[in-house]
Amino acid sequence: MDSKNVIAAIALSSAVIVLYSLFFVPEQKNIQQNLIEKEKVEQSGDAPSLEQKETQITISREEALKQSERIQFENNNIIGSISLKGASIDDLTFKNYKVTLNSEQRVNLLGPRNIKEGYLIESGFVTSDKNIDVPNSDTIWSIEGDNKLTENSPIKLSWTNNQGLKFEKIISLDDEYLFTIKQKVINESSNKYDFYSYGQIIRNEIPEIIDFLILHEGLIATLDGELIEEDYDDIQEKKFTKVATRGWLGISDKYWITSLIPPKNKEFKTTFDYKNKFRANFISTDPLALNEKSSIEEELQIIVAAKRVDVIDGYAQSLNIDKFDLVIDWGFLYFITKPLFYGIDYFFKLLGNYGLAIIAITICIRLVFFPLANFSFKSMAKMKVLQPEMVRLKELHKNDKMKLQQEMMALYKKEKVNPMSGCLPILVQIPVFFALYKVLFVTIEMRQMPFYGWIADLSERDPTSIFNLFGFLPYDVPSFLVIGAWPVAMGVSMWVQQKLNPAPTDPMQAKIFAFFPLFLTVILAPFPSGLVIYWTVNNILTMAQQVFIMRRTTVKTTT
C-alpha cells in the first residue's frame, strides 16, 4: 500500500543517512589516523613553520579599517580594500548579495584581524634563516603606481629590508572573484638565500553555521585528488597536515568560499590548525634558491567567491584547478544532484522563475518514472479490487496464520499481483528527493529567489501559518506553529492520494496511516518552500496518473 510505502521510504531515508555517516564519513577518521605520520613530514621537512601572531580583539570593524592605510579594490561583484600593514586582503563585501531578503546591507565576508569577526588572507615568502628579515603581519608596504585595484589596473606593493632584499607583490583582479598575486624577491646583495612561498587564510572565530549532516561548513581542500573536509571542532582538537603536488585549500561557508590555489606543478604542504584562531595555509616544500644579484618569483591565485555554479565551474576549467567544483557541497549523490541543478537552471532561463522551473523539472521526473509508476499503479488498482476478497480470507482463516498466508499468496498469483510493486517507485524516487533537497539547500542561485504570491524565497520555509489563517488574522504565531499554505496543500494532496489506495484491513494500521499526512505536514513545514512545492505538484501528478490507471484497471477487471 502507498501509505506503507511512504513509511518505508522515510525509514529507508533515515537508513541512508545513518549508513552514509557510518561508511562514508569515516574516511575523515582515516585522515586523522594518518596525522601522526603526516606531522612527521611537517616536523622533519626543511620548510619552516608559519608562525602565528596573536592579536587582541577589541575594536569595531569600522575602527579597524581606519587603523591602517589601504588600497581600495572594486569590480562588478566585490568591493573592499587591502591593508598596507601586512599586505593582507582583509576587507571584502559582495555587492550583489544582501544579508537578508528585506535588508539593504550587503554580505561582508572578510574583516581585519583585530576584530572578533576577523577573516583575512596573507601571502609571501619565509626562510628558515632566523637572521633574515622578511615581511610579516606588522610590515608596512609601499605602493608603486596605481592606488586602486580594478579589473583593468593591477597594483604593485614593495618593501625593502636592511639586508639588500626587496620584496614585491603585483596583485591583479579579474571581473568576478579572482585575485592573482605575483610575488617576487630581488637580491641586491652578494649573499645567497633559500625562500619558501606560502599563502594562508586566517579566521578568528567559528561563524554561525548550520550544524547538519547535509552540508559541510569549515576547512576544505582537494589534495592530489582527495577531498578533505574538516569541521571547525575537529581542527580545534587536532590539526591536519598533508603534502601534495596539486590541489587547492580554503574555508567554506554555505554560500561563500575563500580559497588559495598554490603555484602549479610544485610540491606544497597544507596545514589546517587552531591556536585561538583557525588557519588554512600552504607552504612550498622545495626552496627557491635566491643567488646573489638575482631574483625569484612565484604566482598564486586567491578566489573569494559566491558559490555560483557557473563561476566555480568556470574557474575550475579556466585555471585547471583539480576538483574545484567540490567547493559546492553536492554530496555523495553528486551524479544526480548536479545534473538536477542544471535541469532546474535550464528551465529557469526558459521560464524566468525558479518555482516554475521546479514544477517543470517535477513534470520531467514524472515522465521519466512514468513506465515504472504505471506498473505500480496497475498492481495497486488490482489490490484495491481484491480488497473484499482479502477481507473475506482474513475472516475465514483468522485463527490460522499459515493458511491465511498461503491463500493470500495463491490469490496474488492467480490475479498476477505483486503486493510489493508499489514500493519500487517510492524507492527509486528517494535519491531524487534527496538530490532536490540538496540543490535547494546548498545552491546560492535559489537564495532569495521568489515564486508567486507570498513565497519570497524558495530556499526558506513558507512564512504563512494556518494558525492565523495565513495572515488574515492580525497576530503572529510562534515559529513552531508556522505551518504554511504550501505544506497544508501538500498534506491535503497526500491525504487525497491516500484515499485512492487500498485501505489497511488492520484497524490500528488504518488509524496510523490516516494520521500520516498530518505528521508529514508538520515535519516538512520548516523545509525549503521549493521542496514542498515539488512534493505537492508531484502528488497532484501522481494522483492524476493513478486515477487514470485505476479506472482502466477496474473496468478491465470487472468485465
Exercise for the section: Find the residue count for the range 412-449, including only residues that are of a type in the set (D, E, K, R), at pLDDT below 85 and in a helix (DSSP H, G or I). Expected result: 3
Completion exercise
Log entry, pairs with first residue in the range 406-434 being over 18 Å from Val391 (Cα atoms) and aliphatic (A, V, I, L, M), second being modelled with pLDDT of 70 or more and not in a helix (DSSP H, G or I), beta carbons closer than 7 Å, six or more apart or on different chains, reads Val428/Phe369
Exercise for the section: State whether one or more residues within the range 470-489 are in the same structural domain as Gln387 (by TED's automatic domain parsing), surrounded by fewer than 19 Cβ atoms within 10 Å (Cβ to Cβ), assigned to a helix (DSSP H, G or I) and at positive phi. Expected result: yes
Problem - Check on Ser88, of a type in the set (Ser, Thr, Tyr) and free of Cβ contacts under 8 Å to residues at least 60 places away in the same chain - result: yes
Handout entry: Any chance Lys269 is closer than 26 Å to Ile206 by Cβ, in contact with a helix residue (DSSP H, G or I) (Cβ under 9 Å, 6 or more places away or on another chain), in the same structural domain as Tyr177 (by TED's automatic domain parsing) and assigned to a strand (DSSP E or B)
Key = yes
Exercise for the section: Mind listing whichever residues of the range 103-130 are surrounded by fewer than 21 Cβ atoms within 10 Å (Cβ to Cβ) and within 30 Å of Ile186 (Cβ to Cβ)? Expected result: Val126, Thr127, Ser128, Asp129, Lys130
Practice task
Give the residue, chosen from Arg366, Arg279, Arg308, that is under 29 Å from Tyr452 (Cβ atoms), assigned by TED's automatic domain parsing to the domain that holds Asp194 and surrounded by 15 or more Cβ atoms within 10 Å (Cβ to Cβ).
Solution key: Arg308
Exercise for the section: Mind listing just one residue for me: the one in the range 371-406 that is surrounded by 14 or more Cβ atoms within 10 Å (Cβ to Cβ) and outside any helix (DSSP H, G or I) and, of those, modelled with the lowest pLDDT? Expected result: Leu386
Problem - Residue that is in contact with a Lys or Arg (Cβ under 8 Å, 6 or more places away or on another chain), surrounded by fewer than 16 Cβ atoms within 10 Å (Cβ to Cβ) and in the same structural domain as Ser68 (by TED's automatic domain parsing), where the choices are Leu227, Leu157, Leu215 - result: Leu227
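Among residues belonging to the range 181-212 that are in a strand (DSSP E or B) and charged (D, E, K, R), point out the one that is surrounded by the fewest Cβ atoms within 10 Å (Cβ to Cβ).
First, pick out the residues of the range 181-212 that are in a strand (DSSP E or B): 181-187, 193-203.
Filter once more, so that each one left must be charged (D, E, K, R): 182, 184, 194, 203.
Numbers: Lys182: 15, Lys184: 17, Asp194: 17, Arg203: 23.
Of everything passing the filter in the range 181-212, Lys182 is surrounded by the fewest Cβ atoms within 10 Å (Cβ to Cβ).
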Handout entry: Restricting the range 311-333 to residues that are assigned to a helix (DSSP H, G or I) and touching a helix residue (DSSP H, G or I) at 6+ places or on another chain (Cβ under 8 Å), the residue that is surrounded by the fewest Cβ atoms within 10 Å (Cβ to Cβ)
Key = Asp313
Practice task
With respect to Lys95, determine if the residue is more than 19 Å from Thr180 (Cα to Cα) and either surrounded by fewer than 20 Cβ atoms within 10 Å (Cβ to Cβ) or touching a Cys at 6+ places or on another chain (Cβ under 7 Å) (or both).
Solution key: yes
Handout entry: Residues located in the range 278-330, provided they are closer than 16 Å to Ile261 by Cβ and acidic (Asp, Glu)
Key = Glu298, Glu299, Asp313, Asp322, Asp325
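Which residue, of Leu333, Leu351, Leu300, Leu288, is farther than 26 Å from Arg106 by Cα and either of a type in the set (S, T, N, Q) or under 20 Å from the mean Cα position of the chain (by Cα) (or both)? Explain how you work it out, then say what you get.
Numbers: Leu351 fails: either of a type in the set (S, T, N, Q) or under 20 Å from the mean Cα position of the chain (by Cα) (or both); Leu300 fails: either of a type in the set (S, T, N, Q) or under 20 Å from the mean Cα position of the chain (by Cα) (or both); Leu288 fails: either of a type in the set (S, T, N, Q) or under 20 Å from the mean Cα position of the chain (by Cα) (or both).
Only one candidate passes the filter, namely Leu333.
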Practice task
Could you look through the range 52-79, keep only residues that are of a type in the set (Gly, Ala, Ser) and modelled with pLDDT of 90 or more, and pick out the one that is nearest to Asp146 (Cα to Cα)?
Solution key: Ser68
Exercise for the section: From (1) closer than 26 Å to Val311 by Cα; (2) surrounded by 15 or more Cβ atoms within 10 Å (Cβ to Cβ); (3) in contact (Cβ under 8 Å) with a residue 24 or more places away in the chain, pick out the condition that doesn't hold for Ser81. Expected result: (3)
Exercise for the section: Identify the single condition in (1) at pLDDT 75 or above; (2) within 48 Å of the chain's Cα centre (by Cα); (3) surrounded by 13 or more Cβ atoms within 10 Å (Cβ to Cβ); (4) more than 30 Å from Ile344 (Cβ to Cβ) that Met409 does not satisfy, given that it satisfies every other one. Expected result: (3)
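Take residues that are without any contact (Cβ under 8 Å) to a residue 12 or more places away in the chain and tell me which of the strands (runs of 3 or more DSSP E) falling wholly in the range 118-180 contain 1 or more. Don't jump to the end; show me each part of the working.
Values: elements: 119-126, 142-144, 155-160, 165-173.
Strands (runs of 3 or more DSSP E) meeting the threshold: 155-160.
The values are calculated or read from the model by the stated rules, or taken from the named source; none is laboratory data. In this text, all values refer to a predicted model and were calculated from it rather than measured experimentally. Positions of Cβ are generated from backbone atoms using ideal geometry, with glycine treated the same way; all protein chains shown enter the neighbour counts.
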